[in-house]
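Contents: one structure, followed by commentary.
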Amino acid sequence: SKALKDPSGNVLSKYFVPSKFSSQCITPPTPFRNSSSRKSFVPFDQGIEYRRLEAQRSILVQVQSEKSCHELYSFASQFGTVQSMHHYTLPGQTHFVIVEMKDSQVTRRILNKCGHLDKSQVIPVRSPFLWFRANKNKTKLSDESDYAKINCDTHNVFPPTEDHVRECLASCNTITQQMTTLHNITKMNDINTRLRFLVAYQVELALSGLFPLCAIFPFGSSVNNFGKLGCDLDLVLQLDLQSQGDNDQCRLMFHCKSSLGSERSQTLRHLETVGDLLQLFLPGCSQVKRILGARVPIIKYNHDMSALECDLSMTNLTALYMAELLYLFGEIDWRVRPLVFTIKKWAKDINLTNPTPGRWITNFSLTLLVLFYLQSVKVLPPLKLLIDEASLKDRRISEDGVNCTFVRDITKLQFHPSIPEQSTDSLTTLLFGFFEFYSQYDFNNQGISLYLGSPIPKPEHGALYINNPLERGLNVSKNVSFEELERLKVEVRNASWTLESTANSNNKPSHTPSESWGLLELFKKQNLSEKAKSVFFSEKSRPKERMVSVEDLFSTETSEDSQVPVE
Ligand code: GTP
Ligand code: MG
């Protein structure tokens, strides 16, 4: 089997398949029971490590225009082999290129050569964020054919426009096709992932003099493969990654300042200082805000050169393990991600979710609702199985004692005797099933447990109870109010009804591409007032029995549904 190697030949993993790496954050979707999945499954920590090393080999360079790329290639090639180049533009016709060198030492050599424009005018920071200035003494261009091999294409770092999405969805023939199309055109791409790890590396590099073992990890939807192009970048800072190592036994110990005060007050001071550092010294970091009163204190900032909105926190690694868990659930079955993307888009379009935190359901809770539904229809196993199958090397205990042990190599679960025969439902059936499932869910009495993969008696009085899969004393959706839960209940019924009618009227071979149908009906912004909606879609007005079965409605697409979409 092929070994996971970085471009310089260092072996990283036995699973890595380089040619497939570019399509998604860590790896393309893998069918759970496909015997070839062992080849394409990349364990999460190895994917993260690969991206971190890739960032360390890379520089981000502002250029005058696309035409400068060949010259920049020639310039960088003087130092060593250029591994890849990726061009993108931001509004205002600013052009940027990520240049990845084959070897991180070459990258360091380049950075040692860089200068500052006018030291009296700028703070002379050194970082991998550069500017390729116009020069009369142009660099001699390298061979056209060498440059062509690098294939420096222009990539999009922004999500597609709403019109483009609607156009693409209208031209699909089935709802399943619409769901996979939505996923494919809005999911995070390779350049976006590169940018996220570069932005993380910038802060890591800035702190590395004081804390040589510090690490900044992207987490949340940036790495769990449920992220859209343009979603926020969640970062977690660890000051000393190897603090739990056995160096504590060494006779020589570091002199350190004593850490005074409560852990929280210290974290706040440190975050504040990091915020100052970003604001004063780090190029590209703007609109730095310190949100220190929140349950999880964060520094919020914009990163101008990558157009990313960043949330930097300083907690433990539990959040990263949560991203890993979600990543694994997404890897187990190819249908998971298109379904999550569809539900997230639906919720956003009808304003069930909102970018600002509040009493409404978050994307994170919504994702857990989808995963729980998929457990209930046996597309996904309960978390308990992943924990039971863990071996010693899967053991992870976060600094504050949260046990995040679960099996990391999900290929071990293939053909597992305790996994029931897996459902082969089409994506459309699953989408319909999701809305049906939650239309009938007894939210008053039943909580949601991804650990068991089945409902549990609600342990506390709150509107919605979703047991935190890793910290099982906690409710992930504590923030959701009774009003917002009511809205969710109304909207899932509403959606179920809309899907039924769109399928009734449009599931004919004759529909034209311009027609609004399927997901487009579902995503329509609701113009009815809240009151009208709740009357219109109350239990009374909704037909008690479906006129036609779901399978009948979507019978035209079942044959192709059973196939895994080709990326
Ligand atoms: P996007 O909306 O695409 O950014 O999804 P996201 O999963 O990144 O959500 P968000 O940026 O709101 O949160 C980032 C991560 O923080 C999540 O993936 C979770 O791991 C964690 N998180 C967010 N909200 C909660 C919560 O209410 N409870 C817990 N335990 N973790 C949360
Ligand atoms: Mg996020």
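A few comments on the model shown:
- Odd one out for Val377, checked against (1) within 16 Å of ligand 1 (Cβ to nearest atom); (2) in contact with a Leu (Cβ under 8 Å, 6 or more places away or on another chain): (1)
- Checked against (1) within 13 Å of ligand 2 (Cβ to nearest atom); (2) outside any helix (DSSP H, G or I), Leu241 meets all criteria but (1).
- Residue match in region 328-339 (condition: assigned to a helix (DSSP H, G or I), within 11 Å of ligand 1 (Cβ to nearest atom) and within 22 Å of Lys384 (Cβ to Cβ)): no
- Pair list, Cβ under 6 Å, 6 or more apart: region 123-147 residue without any contact (Cβ under 8 Å) to a residue 60 or more places away in the chain, other residue open to solvent by less than 70 Å² (accessible area, probe 1.4 Å): Pro124/His116
- Odd one out for Leu268, checked against (1) out of contact with any Ser or Thr (no Cβ under 9 Å at 6 or more places or on another chain); (2) under 23 Å from Ile48 (Cβ atoms); (3) modelled with pLDDT of 90 or more: (2)
- Residue within region 316-327 that is assigned to a loop (DSSP other than H, G, I, E, B) and buried (at least 20 other Cβ atoms within 10 Å of the Cβ) present: yes
- When Leu235 is tested against (1) under 20 Å from the mean Cα position of the chain (by Cα); (2) at pLDDT below 95, just one condition goes unmet, and that condition is (2).
- Yes/no for Asn192 being within 14 Å of ligand 1 (Cβ to nearest atom), farther than 18 Å from Leu278 by Cβ, crowded, with 23+ Cβ neighbours inside 10 Å and more than 9 Å from the chain's Cα centre (by Cα): yes
- Pairing residues of region 209-238 that are in contact (Cβ under 8 Å) with a residue 12 or more places away in the chain with residues that are open to solvent by 40 Å² or more (accessible area, probe 1.4 Å) and charged (D, E, K, R), at Cβ distances under 6 Å and at least 6 apart in sequence or on separate chains, gives Leu213/Asp240; Asp232/Glu309.
- Counting only residues that are open to solvent by 20 Å² or more (accessible area, probe 1.4 Å), of a type outside the set (Gly, Ala, Ser) and not in a strand (DSSP E or B), region 59-69 holds 3 of them.
- Among the residues examined, Thr367 does not qualify as within 16 Å of ligand 2 (Cβ to nearest atom) and at pLDDT below 95.
- The one condition in (1) modelled with pLDDT of 90 or more; (2) open to solvent by 40 Å² or more (accessible area, probe 1.4 Å); (3) among the hydroxyl-bearing types (Ser, Thr, Tyr) that Ser120 fails to fulfil: (1)
- Enumeration of residues in region 347-366 that are open to solvent by less than 10 Å² (accessible area, probe 1.4 Å), within 14 Å of ligand 1 (Cβ to nearest atom) and not in a loop (DSSP other than H, G, I, E, B): Ala347, Ser365, Leu366
- Residue in region 195-215 that is in a helix (DSSP H, G or I), polar (S, T, N, Q), more than 30 Å from Ser516 (Cβ to Cβ) and within 14 Å of the chain's Cα centre (by Cα) present: no
- Just one of (1) more than 16 Å from ligand 2 (Cβ to nearest atom); (2) buried (at least 22 other Cβ atoms within 10 Å of the Cβ); (3) of a type outside the set (D, E, K, R) fails for Ala215. It is (2).
- Cβ-Cβ under 6 Å pairs, at least 6 apart or on other chains, region 352-372 side charged (D, E, K, R), far side assigned to a helix (DSSP H, G or I): Arg359/Glu484
- Within region 288-312, residues that are part of a strand (DSSP E or B) and open to solvent by 10 Å² or more (accessible area, probe 1.4 Å) reach partners that are among the hydroxyl-bearing types (Ser, Thr, Tyr) and modelled with pLDDT of 95 or more with beta carbons closer than 6 Å, at six or more positions or on different chains, in the pairs Val288/Tyr301; Ile298/Ser313; Asn302/Ser286.
- Some residue of region 373-382 being within 15 Å of ligand 2 (Cβ to nearest atom) and either open to solvent by less than 20 Å² (accessible area, probe 1.4 Å) or part of a loop (DSSP other than H, G, I, E, B) (or both): no
- Of all the numbered requirements in (1) away from ligand 1 (no atom under 14 Å from the Cβ); (2) out of contact with any helix residue (DSSP H, G or I) (no Cβ under 7 Å at 6 or more places or on another chain); (3) more than 15 Å from Phe434 (Cβ to Cβ), Phe372 misses one, and that requirement is (3).
The values are calculated or read from the model by the stated rules, or taken from the named source; none is laboratory data. Everything quoted here is computed from the prediction, not taken from an experiment. No Cβ is skipped: glycine too gets one built from the backbone with ideal geometry, and neighbour counts run over all protein chains shown. Just so you know, the surface numbers come from the protein's heavy atoms only, side chains and all, with ligands and any DNA or RNA stripped out. Shrake-Rupley method; radii C 1.70, N 1.55, O 1.52, S 1.80 Å.
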